[in-house]
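The values are calculated or read from the model by the stated rules, or taken from the named source; none is laboratory data. Remember, predicted model here, so these are calculated numbers, not experimental data. With ideal geometry, Cβ positions are generated from the backbone for all residues, glycine too; neighbour counts draw on all protein chains shown.
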Amino acid sequence: MQKKNTLAFAALMAIGLLGLTMSPSALAATVTTPATSSVSSDSYSGSSVSLPAIVVTETAAGDIPAGTLILGLPAGFIFDTASAANVSYAGTGLAGSANVLFPDNTHASVNVTASSTSTGSLTIGSSVPLKVKVSAGAPVAAPGNITLSAGTIISLTTTSSFGTLTQVPGAATKLSFSVQPPATVGVNTAFAASVSAQDQFGNVLTSDSGRAISITAIMATGTATPASLGGMTSVNTSSGISAFISLTYPQADTIKLQASSNSLPSIQSNAIAITTTSTSTPPLYLKNGMLVKVEGKDTVYMVVNGKLRPFYSAAIFHARGKKFQNILTLTQAQFAQVTVGSPIGKEKDQDENEGERDSSRIIIVLPAGSTTTTSSSLASLTNLPEGTIVKVSGNPTIYIVQGGQLKPFTSMAIFNAYKKDLNALKVISASELNTLTLGSPAAFPDGTLLKGSDSTIYVARGGQLYGIPNMQTLSKNGLSLKNLLKVKDQEIKDIHHAGTED
């Protein structure tokens, strides 16, 4: 009886072992070390890049059968065929060619002459590496995998990765104006330009951040000395680009921008005609609580509910916690557009208290020579359809595109009435702004119901307010209190009252 059990156990063991040996799932090789690498664009005309060794490890004997294996490169890369990488083998019985061969410059072959009888591995490039180059300096090729284009390795297919190659820009050799300044700009009108650090092929160095790039004004022709640029004229790169915004030039000239950075040659922009008139200068927005003074004058004013109110004394200025570095300087022409109120501090008043707290009230100071007449032409930027909300980079003012004009929102209440999503806000450059027509401030949309602190309800129509005398009038005009907006009393006061809704 014991002998039979022993024989049965031995038979089961044999079957079990045989099953383990024959199981397809046990036959599986893996790429334990891929040849993943970044390949510089400079390799196109310079030195090739050595790849890490490729190691394929067997899970079971025979995972790498005898035959020819051919590895293919992704598009945009070629082998340096002068570097015939060595091939080494580990594991009993596994053998083959000592070096790779190159059927062409995008394929490398290995001839395995015998499979293993115990688990082993195959290594390509352990002492003499595979070397690759990019097939073009620009444009940068998409990342891709080295794959098995022919031959058999158990469990690996033509989509299995033997390493990922990524083309990257070469060393910085030059600067370039990636965004040229506008051809025409008004005196003291904000404009923008961008400068990128590039390799010899014109690829932007997207990994380059913190490189200081400076710009100055030079005369487009002649030897006269130009005036100085206003704005931030030295900007560090971010992803290879320095964006210069809100640049200004103080006089009529024809200039160019000259960009420079340590160790890289300076470059010049296209010519810019600085003119004495500009119809696209943005208006100046003075919010409650802002401090201003007039050029050449010492008096400091605070914006309070649509007026500039001077401080009665320096002691009052400091007692309000104000700081001299926070003062905006107005030109005489800008100051002439603003109403001056009574001094602050001579006597305390409610108007001053409200002005300190409420930052939604805004004075709009239009640039000299500008108009707010309507235009029949649509916005010239095709990506700004009617109703788009935009802002200029570096400026908090939000505009809406209406009738081919950019109309600024002067309060959050008006913005909210349009039910716009701030996530849809499009940021444009100062140079793009210069292609558009500036309109009058946006008004509450027709049909908007408004209510202040009292019980009167108004409806907005054509930029004016009409009182609602009773619920019947509300219903007759298809209006609903569900859409009523409660706003500050000053919002109601700021809009012309045209009478009563019929």
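Check region 391-413 and report whether any residue there is among the aliphatic types (A, V, I, L, M), under 30 Å from GLY231 (Cα atoms), surrounded by fewer than 17 Cβ atoms within 10 Å (Cβ to Cβ) and at pLDDT 75 or above.
Taking region 391-413 first, the residues among the aliphatic types (A, V, I, L, M) are 392, 398, 400-401, 406, 412-413.
Imposing the further condition that a residue be under 30 Å from GLY231 (Cα atoms) reduces the set to 392, 398, 400-401, 406, 412.
Now drop any that are not surrounded by fewer than 17 Cβ atoms within 10 Å (Cβ to Cβ), which leaves 412.
Next cut, at pLDDT 75 or above only: 412.
Yes, some residue in region 391-413 is among the aliphatic types (A, V, I, L, M), under 30 Å from GLY231 (Cα atoms), surrounded by fewer than 17 Cβ atoms within 10 Å (Cβ to Cβ) and at pLDDT 75 or above.
Out of contact with any helix residue (DSSP H, G or I) (no Cβ under 7 Å at 6 or more places or on another chain), at pLDDT below 80 and more than 30 Å from ALA183 (Cα to Cα): is that true of LYS451 in this structure? Please lay out each step first, then the result.
On the way: out of contact with any helix residue (DSSP H, G or I) (no Cβ under 7 Å at 6 or more places or on another chain): yes; at pLDDT below 80: no; more than 30 Å from ALA183 (Cα to Cα): yes.
Spelling it out, it is not the case that LYS451 is out of contact with any helix residue (DSSP H, G or I) (no Cβ under 7 Å at 6 or more places or on another chain), at pLDDT below 80 and more than 30 Å from ALA183 (Cα to Cα).
Just checking, does region 158-178 include any residue being crowded, with 18+ Cβ neighbours inside 10 Å and hydroxyl-bearing (Ser, Thr, Tyr)?
Within region 158-178 (the criterion being crowded, with 18+ Cβ neighbours inside 10 Å and hydroxyl-bearing (Ser, Thr, Tyr)), the answer is no, since none of the residues qualifies.
How many residues does region 197-219 contain that are assigned to a loop (DSSP other than H, G, I, E, B), touching a residue at least 40 places away in the same chain (Cβ under 8 Å) and crowded, with 16+ Cβ neighbours inside 10 Å? Talk me through it step by step, then tell me what you get.
Kept after step one, since they are assigned to a loop (DSSP other than H, G, I, E, B), are these residues of region 197-219: 199-203, 205-211.
Now restrict to residues that are touching a residue at least 40 places away in the same chain (Cβ under 8 Å): 199-203, 211.
Narrowing the set further to residues that are crowded, with 16+ Cβ neighbours inside 10 Å leaves 199-201, 203, 211.
Final tally of qualifying residues: 5.
Which condition breaks for ILE428 when tested against (1) under 30 Å from THR248 (Cβ atoms); (2) over 36 Å from the mean Cα position of the chain (by Cα)?
Result: ILE428 fails condition (2) only.
For region 409-502, which fully contained helices (runs of 4 or more DSSP H) count at least 1 residues that are free of Cβ contacts under 8 Å to residues at least 40 places away in the same chain? So that I can check it myself, show each step before the final result.
Working: elements: 412-417, 430-433, 471-476, 489-493.
It comes to 412-417, 471-476, 489-493.
Please go through region 130-148 and give me each residue that is at pLDDT below 95 and of a type in the set (Ser, Thr, Tyr), ordered by number.
none
Which of the residues spanning region 173-196 are of a type in the set (Gly, Ala, Ser) and not in a strand (DSSP E or B)? Working first, answer last.
Taking region 173-196 and keeping what is of a type in the set (Gly, Ala, Ser), we get 176, 178, 183, 186, 190, 192-194, 196.
Listed by number, the residues that qualify are ALA183, ALA190.
Is it the case that SER260 is over 30 Å from PHE335 (Cβ atoms) and assigned to a strand (DSSP E or B)?
Working: over 30 Å from PHE335 (Cβ atoms): yes; assigned to a strand (DSSP E or B): yes.
Yes: the conditions hold for SER260.
Only one residue in GLY222, GLY170 is in a loop (DSSP other than H, G, I, E, B) and within 28 Å of GLY46 (Cα to Cα). Which one?
Step by step, each of GLY222, GLY170 is checked, and only GLY170 is in a loop (DSSP other than H, G, I, E, B) and within 28 Å of GLY46 (Cα to Cα).
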